[in-house]
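Participant: Please find one structure pasted underneath; my questions will follow.
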Amino acid sequence: MALIWFCLLALLITGYVLLDGYDLGTGVLHLLVARGDAERRQVMRTIGAVWHGNEVWLLSTGGVLVLAFPALYASSFSGFYLPLMMVLWLLIMRGIALHFRNDVRSALWGQFWDVAFAAASVLLAIFFGVALGNVIRGVPLDAAGDFFLPLWVDFRVSPNAGVLDWYTTMVGVLSLLTLAEHGALWLAYRTDGAVRGRSARIARRLWPALVVMVGAVTWSTFRVQPQVGMNLAAWPWGYAFPVLAIAGLLGVIASLRGGRDDRAFAWCALYIVGMLASAVFGLYPYLLPAIGDPSIGLTIYNAASAPHGLAVALSWFVPGMLLVIAYTVFAHRTMAGRIGVDEGP
Amino acid sequence: MDSALTWDRLQFAFTATFHYLFPQLTMGLALLVFVLMTMALRSGSAHHRHAAAFWTRIFAISFAMGVVTGIPLEFQFGTNWSGFSRYSGGVIGQTLAMEGVFAFFLESTFLGLLLYGAKKLSPRLLWFSALMVFAGSWMSAFFILATNAWMQLPVGQTAGAGGALQLESLGALLTNAWLPWQFLHNMSGAVITGSFVMAGVGAFYLLLGKHEEHGRTYLRLGVIAGAIAACFQIFPSGDEQGRDVAHYQPVTLAAMEGLFETREGAPIVIVGQPDMEARRLDNPIEIPRMLSFLTFRHWAAQVQGLDAFPREDWPDNVPLLYYAYHIMVGLGTIFVAAMLLSVWHLWRGTLFRSRGMLWLLVLLVPFPFIANTAGWLTAELGRQPWVVYGLQRTAQGSSPHVASGNVLFSLIGFAGTYTVLAILFLYLAYRELDHGPAPAPPEAG
């Protein structure tokens with residue numbers, strides 16, 4: 001039962017990264033791809049109706065974390081106190097920028113919120129990568145399963161680590177590049193005209209850097225977290241996940257060269273799924289490994305709720321999420337189609 | 001760690017109080033916008049359609065504020081209250097996750113359609129979107145109140161291995177005896193806020209002589225909905241909620257009423273100040289035997305005072321609890337009087353001409369926010385010193401490793417951020433009011 005919820009949690013996180021990922025990527029890039037107020041509005045309209053629903057995936061992930069793995073929720077949220085508070089402020093800033101940018105028709109008002117939107121998106125993309133890096137590397141848990149991390153210490157991966165070290169910073173950069181690529185492909189897929197051309201060009205230029213970072217982070221991950229190598233040795237079918245990621249990356253560049261930017265977006269989604277699945281597979285059974293002493297790490301078994309609660313929750317969670325997916329698809333369909341520069345709201 | 005606990009509590013109190021200024025408005029308006037949408041669908045008139053669109057825009061600004069200030073609350077269960085979430089996550093995780101799956105997705109997806117889909121959706125689908133936004137926001141309240149009701153009256157759980165609580169019965173959790181009246185009382189409080197704002201805006205337009213046809217529509221709807229909700233707020237919902245408190249948390253009732261000594265035929269206090277040193281109320285004005293009657297429907301019934309309970313089980317801030325409760329009740333009574341008077345004027349046909357009444361309705365707009373805040377202060381202070389009533393003390397709920405300086409830092413950060421948010425909200429809401437329900441709306445954001 002804990003394993004099922006581990007998989008559902010991974011699915012929710014993946015759903016969040018795929019959906020809000022393109023919102024964040026759009027935010028990272030929109031100052032570069034859109035020139036002038038009309039194009040900025042065009043870019044905003046691609047995410048206007050859907051980003052809210054996308055952000056709810058993060059909230060639901062939080063809810064499921066409390067439900068299924070309360071010990072993990074308690075430990076990680078209090079341990080990452082400082083970075084999480086910053087994430088909160090950034091989420092507030094992004095949300096406000098998206099909501100209120102178009103409420104006032106004034107050149108300066110729009111420009112101010114454009115920069116706020118971009119800054120919040122860049123920092124959030126990095127923060128989420130750093131968070132993933134921390135989870136892979138592990139944290140200095142004590143016997144009660146608690147810890148408190150400073151923002152940084154000396155940038156080395158050691159039991160004395162901070163939130164930022166060389167490894168987590170690398171994952172942060174990879175996350176920024178990944179979401180920028182995802183956002184560029186989203187815009188190339190959803191827009192028309194000059195913005196579409198610029199987005200596709202940026203996606204092509206980002207691609208080599210992305211490949212280099214994927215290689216570097218993969219190599220480092222094997223060194224930082226031995227569990228990954230052990231899992232692959234124990235269950236060789238796990239190689240399927242990195243293969244998916246590589247296939248996604250190759251598909252992105254092949255489609256871009258062929259001018260099929262709608263397919264490129266789907267390939268990029270496959271790459272992200274492959275990367276996250278590889279990380280989840282590599283960490284199993286850990287949810288939050290302990291640096292130094294593997295035996296006190298939080299696993300899906302010692303952090304899970306009792307089986308009865310998990311079974312009951314499964315009975316409403318699955319139909320509930322199917323319903324959510326159904327009307328999310330409906331909303332995306334209603335809003336589907338390329339968006340031009342001069343369309344109304 | 002004592003001071004960290006103080007800052008943890010203050011930060012949650014501050015962020016939750018600020019947050020709830022917005023959901024009470026959106027939940028109330030969600031119902032009223034749905035009513036306007038239904039009128040638009042039935043009459044097919046442009047007037048109702050514009051009115052619905054105008055209030056949807058106000059709704060959207062408030063909704064945005066509610067969402068961005070709501071996320072910090074869900075995070076704080078983990079960041080500042082890890083003792084609480086580790087102990088009770090196996091139970092409240094159910095309702096928190098249900099809120100996400102059943103309510104948040106519904107509300108935000110269909111609000112996106114409502115705001116952006118006006119040209120792409122048929123009138124019927126637009127009406128359906130308004131219904132889903134209303135359903136989503138009220139279901140969200142139901143699940144979060146189920147969580148709060150469990151903290152007030154824990155049911156459906158069992159102690160698991162390692163001391164943490166585990167779910168025993170989801171049915172018991174969702175049919176908690178505390179929940180029905182708390183939910184109804186809270187929701188009619190939200191309708192009061194929504195309808196006072198709507199009536200206030202209508203009065204504002206009539207006083208200015210702008211958008212007068214809209215002003216009359218808003219006044220009519222706001223005053224009628226406000227009168228119904230204000231009466232329902234006191235009887236039966238407030239009365240029944242009070243009896244729940246008396247039954248399940250008698251020490252809380254004693255503190256709310258400022259009843260220091262157990263008495264037969266206990267009076268109800270209208271005005272008076274709790275004196276914690278002398279353990280009595282200074283200069284009280286009372287109605288004899290009324291508390292006994294309200295609580296037990298019997299004039300001579302015995303009501304337990306604070307002296308019947310050990311000092312360490314008293315709510316830890318009796319005066320604040322007492323004042324919050326009395327402000328709520330006092331304002332609630334004024335609301336009933338003001339709304340009944342307005343309905344009488346409406347029925348006589350003099351409401352739209354009476355500048356005094358219109359001014360009164362404009363000036364009343366802030367007070368439902370104060371009353372709802374005071375009501376939640378009563379609920380939360382009344383539960384003290386417990387975070388899970390009778391099971392976990394608040395002092396055991398906070399995060400053990402988060403030092404007081406860190407919490408103070410984030411509290412100050414929230415104070416600054418929320419000040420900016422408040423200014424933004426007022427500015428944007430005022431612009432929307434100033435622009436008015438004209439047919440060509442500015443682009444929704």
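Yes/no matrix, rows are residues, columns are (1) part of a helix (DSSP H, G or I); (2) buried (at least 16 other Cβ atoms within 10 Å of the Cβ); (3) among the aromatic types (Phe, Trp, Tyr):
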| site | (1), (2), (3) |
| --- | --- |
| B:Phe232 | yes, yes, yes |
| B:Phe235 | yes, no, yes |
| B:Glu240 | yes, no, no |
| B:Asp244 | yes, yes, no |
| B:Ala255 | yes, yes, no |
| B:Glu261 | no, no, no |
| B:Ala266 | no, yes, no |
| B:Val269 | no, yes, no |
| B:Gln273 | no, no, no |
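Participant: Would you mind finding the one in A:Val28, A:Val43 that is of a type in the set (Val, Ile, Thr), away from chain B (no Cβ under 11 Å) and either touching a His at 6+ places or on another chain (Cβ under 9 Å) or not in a helix (DSSP H, G or I) (or both)? Give the steps one after another, and end with the answer.
Facilitator: Numbers: A:Val28 fails: either touching a His at 6+ places or on another chain (Cβ under 9 Å) or not in a helix (DSSP H, G or I) (or both).
The match here is A:Val43.
Participant: Further question: Inside region B:331-357, can you point out the residues that are in contact (Cβ under 8 Å) with a residue 12 or more places away in the chain and not aliphatic (A, V, I, L, M)? Please lay out each step first, then the result.
Facilitator: In the first step, residues of region B:331-357 are kept if they are in contact (Cβ under 8 Å) with a residue 12 or more places away in the chain; the result is B:331-336, B:338-343, B:345-346, B:351-352, B:355, B:357.
Passing the criteria: B:Gly332, B:Thr333, B:Phe335, B:Ser342, B:His345, B:Phe352, B:Arg355.
Participant: Sticking with this structure for a sec: Considering each residue of region B:65-77, count those that are without any contact (Cβ under 8 Å) to a residue 24 or more places away in the chain and either buried (at least 24 other Cβ atoms within 10 Å of the Cβ) or more than 7 Å from every other protein chain (Cβ to nearest Cβ) (or both), and give that number.
Facilitator: 1
Participant: Still on this structure, I have one more. Just checking, does region A:306-329 include any residue being of a type outside the set (A, V, I, L, M, F, W, C) and farther than 30 Å from B:Val91 by Cα?
Facilitator: Taking region A:306-329 as the starting set, the residues that turn out to be of a type outside the set (A, V, I, L, M, F, W, C) are A:307-309, A:315, A:319-320, A:327-328.
With farther than 30 Å from B:Val91 by Cα added as a condition, the list becomes none.
Scanning region A:306-329, I find no residue that is of a type outside the set (A, V, I, L, M, F, W, C) and farther than 30 Å from B:Val91 by Cα, so the answer is no.
Participant: Does A:Leu124 satisfy the criteria of being more than 12 Å from every other protein chain (Cβ to nearest Cβ) and either within 16 Å of the chain's Cα centre (by Cα) or crowded, with 24+ Cβ neighbours inside 10 Å (or both)?
Facilitator: yes
Participant: Also: Please state which of the following conditions B:Phe367 fails to meet, knowing it meets all the rest: (1) outside any helix (DSSP H, G or I); (2) more than 14 Å from chain A (Cβ to nearest Cβ).
Facilitator: So B:Phe367 meets the others, but not (1).
Participant: Does any residue in region B:101-119 that is on the phi > 0 side of the Ramachandran plot come within less than 8 Å, Cβ to Cβ, of a residue that is assigned to a helix (DSSP H, G or I) and hydroxyl-bearing (Ser, Thr, Tyr) six or more places away or on a different chain, and which pairs are these?
Facilitator: Between residues of region B:101-119 that are on the phi > 0 side of the Ramachandran plot and residues that are assigned to a helix (DSSP H, G or I) and hydroxyl-bearing (Ser, Thr, Tyr), there is no close pair.
Participant: State all residues of region B:75-133 that are of a type in the set (Val, Ile, Thr) and farther than 26 Å from A:Arg45 by Cα; if no residue qualifies, say none.
Facilitator: B:Thr79, B:Val91, B:Ile92, B:Thr95
Participant: Being over 23 Å from the mean Cα position of the chain (by Cα) and without any contact (Cβ under 8 Å) to a residue 40 or more places away in the chain narrows it down to one residue among A:Ser106, A:Ser158; which is it?
Facilitator: One residue alone meets the criteria, A:Ser106.
Participant: Return yes when B:Ala135 is at pLDDT 95 or above and of a type in the set (Gly, Ala, Ser) and no when it is not.
Facilitator: Numbers: at pLDDT 95 or above: yes; of a type in the set (Gly, Ala, Ser): yes.
When the stated conditions are applied, B:Ala135 passes them.
Participant: Hey, B:Leu179 hits all of (1) surrounded by fewer than 20 Cβ atoms within 10 Å (Cβ to Cβ); (2) out of contact with any strand residue (DSSP E or B) (no Cβ under 9 Å at 6 or more places or on another chain); (3) free of Cβ contacts under 8 Å to residues at least 40 places away in the same chain but one; which does it fall short on?
Facilitator: All conditions are met except number (1).
Participant: Quick check on my filter: what residues within region A:209-242 are more than 19 Å from A:Glu181 (Cβ to Cβ) and of a type in the set (Val, Ile, Thr)?
Facilitator: A:Thr221, A:Val224, A:Val228
Participant: Out of all the residues in region B:109-130, which are part of a helix (DSSP H, G or I) and within 13 Å of chain A (Cβ to nearest Cβ)?
Facilitator: Of everything in region B:109-130, those that are part of a helix (DSSP H, G or I) and within 13 Å of chain A (Cβ to nearest Cβ) turn out to be B:Thr109, B:Phe110, B:Leu111, B:Gly112, B:Leu113, B:Leu114, B:Leu115, B:Tyr116, B:Leu125, B:Leu126, B:Phe128, B:Ser129.
Participant: So which residues in region B:384-406 are assigned to a helix (DSSP H, G or I) and at the interface with chain A (Cβ under 8 Å from one of its Cβ atoms), if there are any at all?
Facilitator: If the condition is that a residue be assigned to a helix (DSSP H, G or I) and at the interface with chain A (Cβ under 8 Å from one of its Cβ atoms), then B:Asn406 is the only one that fits.
Participant: Would you point out which residue out of B:Phe63, B:Phe34 is of a type outside the set (Val, Ile, Thr), in a helix (DSSP H, G or I) and modelled with pLDDT of 95 or more?
Facilitator: B:Phe34
Participant: Of these, A:Ala306, A:Ala290, A:Ala313, which one is under 30 Å from B:Leu113 (Cα atoms) and either modelled with pLDDT under 90 or not charged (D, E, K, R) (or both)? Let's see the steps before the verdict.
Facilitator: Working: A:Ala306 fails: under 30 Å from B:Leu113 (Cα atoms); A:Ala290 fails: under 30 Å from B:Leu113 (Cα atoms).
Going through A:Ala306, A:Ala290, A:Ala313 in turn, the sole match is A:Ala313.
Participant: With respect to the numbered conditions (1) among the hydroxyl-bearing types (Ser, Thr, Tyr); (2) in contact with a Leu (Cβ under 9 Å, 6 or more places away or on another chain); (3) surrounded by fewer than 18 Cβ atoms within 10 Å (Cβ to Cβ), which one is the sole condition not fulfilled by B:Tyr427?
Facilitator: (2)
Participant: Only residues that are among the β-branched types (Val, Ile, Thr), crowded, with 17+ Cβ neighbours inside 10 Å and in contact with a strand residue (DSSP E or B) (Cβ under 6 Å, 6 or more places away or on another chain): list them for region A:274-299, please.
Facilitator: If the condition is that a residue be among the β-branched types (Val, Ile, Thr), crowded, with 17+ Cβ neighbours inside 10 Å and in contact with a strand residue (DSSP E or B) (Cβ under 6 Å, 6 or more places away or on another chain), then A:Thr299 is the only one that fits.
Participant: Now for a different question. How many residues does region A:88-117 hold that are surrounded by fewer than 21 Cβ atoms within 10 Å (Cβ to Cβ), in a helix (DSSP H, G or I) and more than 7 Å from every other protein chain (Cβ to nearest Cβ)?
Facilitator: Result for region A:88-117: 10.
Participant: Check A:Gly53, A:Gly62 and return the single one that is under 16 Å from the mean Cα position of the chain (by Cα) and at pLDDT 90 or above.
Facilitator: A:Gly62
Participant: To continue, here is another question. Scanning region B:143-176 for residues that are surrounded by fewer than 18 Cβ atoms within 10 Å (Cβ to Cβ) and polar (S, T, N, Q), which turns out modelled with the highest pLDDT?
Facilitator: Applying the filter and picking the extreme gives B:Thr175.
Participant: Between residues in region B:151-162 that are within 14 Å of chain A (Cβ to nearest Cβ) and residues that are modelled with pLDDT of 90 or more and in a helix (DSSP H, G or I), which pairs lie under 6 Å by C-beta distance while being six or more apart or on different chains?
Facilitator: B:Gly156/B:Ala172; B:Gly156/B:Leu173; B:Gln157/B:Val91
Participant: Just the residues that are surrounded by fewer than 21 Cβ atoms within 10 Å (Cβ to Cβ) and at the interface with another protein chain (Cβ under 7 Å from one of its Cβ atoms), please, taken from region A:63-83.
Facilitator: Of all residues in region A:63-83, those surrounded by fewer than 21 Cβ atoms within 10 Å (Cβ to Cβ) come to A:82-83.
A:Leu82, the sole residue that qualifies.
The values are calculated or read from the model by the stated rules, or taken from the named source; none is laboratory data. Not measured: the values here are computed from a predicted model. For neighbour counting, all protein chains shown are included, and Cβ atoms are generated from backbone atoms with ideal geometry for every residue, glycine included.
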